[in-house]
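Have a look at the structure below, then the notes.
None of the figures in this text is laboratory data; all of them are computed from the coordinates on show. All values reported here derive from a predicted model rather than from experimental measurement. Every residue, glycine among them, receives a Cβ derived from its backbone with ideal geometry; neighbour counts consider all protein chains shown.
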Amino acid sequence: MLHRRSFAAFGLGLLPLAFGAGQAEAAPELSLRQVIDRHVAARGGAARLDAVNAMAVDMQIIEKGEVIEARYRCDKSPAYRIDIYAGGKHVFCEGLDASGTWIWPGDQPAARPGVDDGKRAGLEGIQFNLYGLHAFPGLGNKLGLDGRETIAGVNYYVVRVDLAYGDPAFLYIDPQTWMIARRREVRAYHPDMDAAKQHLETQYTDFRDTGGIMDAFLQHQVNLATGAITQVVALKKIAHDPVLRPGELTRGFAFDAT
């Protein structure tokens, strides 16, 4: 998350060849369809994933030595909202509603429109949170298998996702667990403040069953150009299909004080 686009693109558990991150190895033993089928089954199955229409996540974020709390909510309308708290005080929120993307700094009386990149990131985040990979083609995204790549002793299947709303993402699927263990992409870290793009990797660990769906409760984001960990996200609670309050995902909804 905070950086603006990472708030929007928050995803649970994605660039090797095109951006020189590594060399692909031998041709994969499995087809794209087989890899996706195994991944979807490991996460809980297509039927369970398809049944999800909304999500609520409470988390702690560590960035640049600062520890903050965040509440993320989204649904398939599509809409999302994330509220950020520091020192027990509400300091920022942003989201996407029927009128487009918006941001609301804590020192401002009301929300204002966000940048176009924020909308793309918000839609990307909603899709990765609320849809299984088997459903991605139906959302206008294109999936491809980029072979195998070994990182830290794990020979991952690399699935390329050409996103309808943004730059491509590369998902590293562990052939032992069939979970997405890494996600690589080139994107702007702070699109509202700096449009410069960086090569980032998100690492997903601590997978837990949350109502029949396997989700990663710990994320480390790494700048691949420097090797530095730029962000750590520790999830505290995940709810699939929570009861959302009327208007909660709109820009006019008053944030909770704590």
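Among Ile126, Val52, Ala70, which residue has its Cα furthest toward the positive end of the charge dipole of region 4-236, with +1 on Lys/Arg Cβ and -1 on Asp/Glu Cβ? Farthest towards the positive pole: Val52.
For region 52-160, applying the loop criterion from DSSP together with a ceiling of 10 other beta carbons within 10 Å to the trypsin sites (Lys or Arg not before Pro) yields Lys64.
Under 22 Å of direct C-alpha separation, and excluding same-chain neighbours fewer than eight residues apart, Lys89 reaches these lysines: Lys64, Lys236, Lys237.
Farthest towards the positive end of the charge dipole of region 4-236, among the residues Ala41, Ala216, Val154, is the Cα of Ala41, using unit charges on the Cβ of Lys, Arg, Asp and Glu. The slack in the chain from Ala47 to Ala225, taken as 0.36 nm per residue of separation less the alpha-carbon distance, amounts to 60.2 nm. The stretch between Leu218 and Leu32, if pulled fully straight at 0.36 nm per residue, gains 64.3 nm over its current Cα-Cα span. Averaging the Cα positions of each part gives two centres, and for region 71-130 and region 205-233 these lie 20 Å apart.
Straight Cα distances below 28 angstrom link Lys142 to the lysines Lys76, Lys119, Lys197, with same-chain residues fewer than 8 positions distant left out.
Charges were assigned to the Cβ only: +1 to each Lys and Arg, -1 to each Asp and Glu. The resulting dipole of region 4-236 about its Cα centre is roughly 200 debye. Counting only DSSP H runs of at least 4 residues, each contributing -39500 (n - 2.57), and dividing by the residue count of the chain, the helix-based mean residue ellipticity at 222 nm comes to -4000 deg cm²/dmol.
Projecting the Cα positions of Phe136, Ala181, Tyr85 onto the charge dipole of region 4-236 (unit charges on Cβ atoms of Lys, Arg, Asp and Glu, taken about the Cα centre) puts Phe136 furthest along the positive direction. Full extension of the segment from Leu139 to Lys64, taken as 0.36 nm per residue of separation minus the current Cα-Cα distance, would add 23.5 nm.
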